[in-house]
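K.L.:
Have a look at this one.
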Amino acid sequence: MIRQGALYFGELFTRFFEFLGGMTLLTRNVLRELFHKPLYFRLVVEQIYQIGSRSFILVFVTAASTGMVMALQFGFGLEKFGGKLYVPKIVALSIVRELGPVFASLMIAARVGAGITSEVGSMTVTQQIDAIRALGTSPIKKIVIPRVLATIFSLPLLTVIANAVGIFGSLIVGSTELDLDPKYYFQKIIQTVFLNDYLVGMGKTFFFAAIISITACYYGLNVSGGTQGVGSSTTRSVVTSSILILISDFFLTKLFWIFEKWT
Amino acid sequence: MDIIRVLSFEKSFGPKRVHSGVTFHLKKGEVLGLIGGSGAGKSVILRSLIGLEKPDRGQIFFYDRDITRYNERELIEIRKKVAYVFQGGALFDSMSVFDNLAYPLREHSSLTEDEIHMKILRQLDDFGLGGNENLFPASLSGGMQKRVGLARAMIMEPEVVLYDEATAGLDPYNTKRIQEMVLRLKSRGVTSVFVTHDMPSALAVCDRIAFLMDGIIKEECRVDSLPQTNESLIYQFMIGEIK
């Protein structure tokens, strides 16, 4: 029993450090090759379409639903204490600083992260990645960098949309369900949300995008065990990047908070 | 002069030791058949010849340069001269047959798109694939995928070709086409390593055959002086007495 437990934790530690080492090496390779020619600009644009444009509906629905539900919950909750008028401030700040970036990132981790891992993983098991190398080209340049750059470019833009849609959703609920004047609601948002609030939220998404895309590529490039392996790697990729987003969100919030106080 | 020299090649995967001192060499224009049972590690050697795998110990010389010390960037120069024919073709499934063949040309040549177009159509005709340039790999038969893989590997006119089970799973017609193609390249002075289980093909195209077993080359001989006795491991492998 003890031996089994020790073996289990031993394997868990080995896998953790294997992942850590692999991710560090992949990040180093991405950074190193990013500044060497050629940069496949066309592939980056293609990936922006795949990652950014095609994720729009998912992010739109998630943001709208989040904004509407939050307005409803805060509205009914604060009404008991006569604080209904604070709903626009609370909801707008929560969305812009936290929920917009984090929910958009989690949605992208699920949709895009899974997509990248399964695509790259399928290429790995069918030796297409080996073929890229055998033909004298680099999979980091051809596969990883376009996806990383496209995610870093798309996620902040999707977050801008998520923030706007979320706030607009809360405004609709605020005016229809909570009987708040839309003009007042909008005015309060403008008075509460400053540029730095927006930048703090947006700033995080660059890190989240890097986490999602590098994790997804790492799991895709390290698939083993055929098509079954692709499935389990995809699951691991989504779970890992979601956990990393949530953990890093705390530290990034703290970091930006220190930075805000400092400036 | 040896084009390829493999010295004391050792490789393990986890606790499993696959190679424990493989040594062989190849002269220009020679075709070496590498045979052995499933799991003997033939493909691992082939992959190591272009740096897709790193040996644990030993050296691989390509034109007297030890490529085991090369990093990915340095290996690119070697890979431009060496073609690797993958078992399943390893075609890029998001690209058409035309784009698969154009891939190495666009990356490594200074040809214009018109010249690339002409070259690809000629190559496809040479491989009996004319008229298929707009198809995607998923709509090709296994044999056609292999031939497209071959056509793609050969389009840069390599000095060395590494065949990984090039004839496995093919019908006699396609097998013969591939044999003819290997012989055609051989007559042009292209050096090749032909990994296979298909003994008739190995005998048809190879100059020498090396038998890989228990992590080393157990026996090596010229095809024209192949022993026909039970003392020869290659002969025993051919008649199915050992695996």
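K.L.:
Which one of A:THR124, A:THR151 is open to solvent by 10 Å² or more (accessible area, probe 1.4 Å), touching a Gly at 6+ places or on another chain (Cβ under 9 Å) and within 30 Å of B:GLU107 (Cα to Cα)?
P.N.:
A:THR124
K.L.:
Name, by its number, the condition in (1) of a type in the set (A, V, I, L, M); (2) under 24 Å from B:MET95 (Cα atoms); (3) without any contact (Cβ under 8 Å) to a residue 24 or more places away in the chain that does not hold for A:ILE51.
P.N.:
Status for A:ILE51: all satisfied but (3).
K.L.:
Out of curiosity, is A:VAL45 open to solvent by less than 30 Å² (accessible area, probe 1.4 Å) and of a type in the set (A, V, I, L, M, F, W, C)?
P.N.:
Here the answer is no, as A:VAL45 does not meet what is asked.
K.L.:
A further question follows. Tell me yes or no: at least one residue of segment B:166-175 is modelled with pLDDT under 90, crowded, with 23+ Cβ neighbours inside 10 Å, hydroxyl-bearing (Ser, Thr, Tyr) and not in a helix (DSSP H, G or I).
P.N.:
yes
K.L.:
I've got another one for you. Could you please let me know if B:GLY51 is away from every other protein chain (no Cβ under 13 Å) and outside any strand (DSSP E or B)?
P.N.:
Here the answer is no, as B:GLY51 does not meet what is asked.
K.L.:
Suppose we filter A:ALA134, A:ALA92, A:ALA109, A:ALA64 for residues that are aliphatic (A, V, I, L, M) and in contact with a strand residue (DSSP E or B) (Cβ under 6 Å, 6 or more places away or on another chain); which single one remains?
P.N.:
The conditions single out A:ALA134.
K.L.:
Determine, yes or no, whether A:SER224 is more than 20 Å from A:ILE145 (Cα to Cα), modelled with pLDDT under 95 and not in a helix (DSSP H, G or I).
P.N.:
Against the criterion (more than 20 Å from A:ILE145 (Cα to Cα), modelled with pLDDT under 95 and not in a helix (DSSP H, G or I)), A:SER224 qualifies.
K.L.:
Same structure again: Which of (1) surrounded by 20 or more Cβ atoms within 10 Å (Cβ to Cβ); (2) more than 19 Å from B:GLU165 (Cα to Cα); (3) within 17 Å of the chain's Cα centre (by Cα) does B:LEU46 not meet, given it meets every other one?
P.N.:
If we test B:LEU46 against (1) surrounded by 20 or more Cβ atoms within 10 Å (Cβ to Cβ); (2) more than 19 Å from B:GLU165 (Cα to Cα); (3) within 17 Å of the chain's Cα centre (by Cα), just (2) comes out false.
K.L.:
What number of residues within segment B:204-238 are assigned to a helix (DSSP H, G or I), aliphatic (A, V, I, L, M) and crowded, with 17+ Cβ neighbours inside 10 Å?
P.N.:
So the count comes out to 5.
K.L.:
Enumerate the helices (runs of 4 or more DSSP H) found wholly within segment B:60-138, keeping only those where 1 or more residues are of a type in the set (D, E, K, R) and more than 14 Å from chain A (Cβ to nearest Cβ).
P.N.:
Ranges flagged: B:113-126.
K.L.:
Mind listing just one residue for me: the one in segment A:26-42 that is surrounded by 14 or more Cβ atoms within 10 Å (Cβ to Cβ) and of a type in the set (A, V, I, L, M, F, W, C) and, of those, nearest to A:CYS217 (Cα to Cα)?
P.N.:
Within segment A:26-42, the match that is nearest to A:CYS217 (Cα to Cα) is A:LEU26.
K.L.:
Out of A:ILE116, A:ILE143, which single residue is out of contact with any Asp or Glu (no Cβ under 8 Å at 6 or more places or on another chain), crowded, with 24+ Cβ neighbours inside 10 Å and over 13 Å from A:GLU33 (Cβ atoms)?
P.N.:
Exactly one residue qualifies, and that residue is A:ILE116.
K.L.:
Take residues that are under 20 Å from A:THR234 (Cα atoms) and within 14 Å of another protein chain (Cβ to nearest Cβ) and tell me which of the helices (runs of 4 or more DSSP H) falling wholly in segment A:34-146 contain 1 or more.
P.N.:
A:41-47, A:114-125, A:128-134
K.L.:
Please find, among A:SER241, A:SER232, the residue that is open to solvent by 40 Å² or more (accessible area, probe 1.4 Å) and either under 19 Å from A:THR27 (Cα atoms) or of a type outside the set (Lys, Arg) (or both).
P.N.:
Within the list A:SER241, A:SER232, the selection yields A:SER232.
K.L.:
Would you confirm, using the coordinates I've provided, whether B:ARG184 is open to solvent by 10 Å² or more (accessible area, probe 1.4 Å), touching a strand residue (DSSP E or B) at 6+ places or on another chain (Cβ under 6 Å) and among the charged types (D, E, K, R)?
P.N.:
Here the answer is no, as B:ARG184 does not meet what is asked.
K.L.:
Another question, then. For segment A:159-186, name all the residues that are in contact with a Ser or Thr (Cβ under 6 Å, 6 or more places away or on another chain) and open to solvent by less than 10 Å² (accessible area, probe 1.4 Å).
P.N.:
Scanning segment A:159-186 gives A:THR159, A:GLY166.
K.L.:
Being out of contact with any helix residue (DSSP H, G or I) (no Cβ under 6 Å at 6 or more places or on another chain), over 22 Å from B:ILE45 (Cβ atoms), open to solvent by less than 60 Å² (accessible area, probe 1.4 Å) and more than 13 Å from chain A (Cβ to nearest Cβ), is that true of even one residue in segment B:143-163?
P.N.:
Yes, some residue in segment B:143-163 is out of contact with any helix residue (DSSP H, G or I) (no Cβ under 6 Å at 6 or more places or on another chain), over 22 Å from B:ILE45 (Cβ atoms), open to solvent by less than 60 Å² (accessible area, probe 1.4 Å) and more than 13 Å from chain A (Cβ to nearest Cβ).
K.L.:
Can you name the condition, by its number, that A:ALA134 falls short on among (1) in contact (Cβ under 8 Å) with a residue 12 or more places away in the chain; (2) hydrophobic (A, V, I, L, M, F, W, C); (3) within 30 Å of B:VAL44 (Cβ to Cβ)?
P.N.:
(1) is the only condition that A:ALA134 fails.
K.L.:
What's the total number of residues in segment B:217-243 that are over 14 Å from B:MET199 (Cβ atoms) and among the aliphatic types (A, V, I, L, M)?
P.N.:
Residues in segment B:217-243 being over 14 Å from B:MET199 (Cβ atoms) and among the aliphatic types (A, V, I, L, M): 1 in total.
K.L.:
Something else now. Please verify whether A:PHE251 is surrounded by fewer than 24 Cβ atoms within 10 Å (Cβ to Cβ) and either closer than 30 Å to A:ILE132 by Cα or within 12 Å of the chain's Cα centre (by Cα) (or both), treating the condition exactly as stated.
P.N.:
The answer is no for A:PHE251.
K.L.:
Any chance segment B:31-48 includes a residue that's within 14 Å of another protein chain (Cβ to nearest Cβ) and among the small types (Gly, Ala, Ser)?
P.N.:
yes
The values are calculated or read from the model by the stated rules, or taken from the named source; none is laboratory data. The shown structure was predicted, so the numbers you read here are calculated from the model rather than taken from an experiment. Quick reminder, even Gly has a Cβ in these numbers, built from the backbone with ideal geometry, and neighbours come from all protein chains shown. Calculation scope for accessible area: heavy atoms of the full protein, side chains included, ligands and nucleic acids excluded. Shrake-Rupley method; radii C 1.70, N 1.55, O 1.52, S 1.80 Å.
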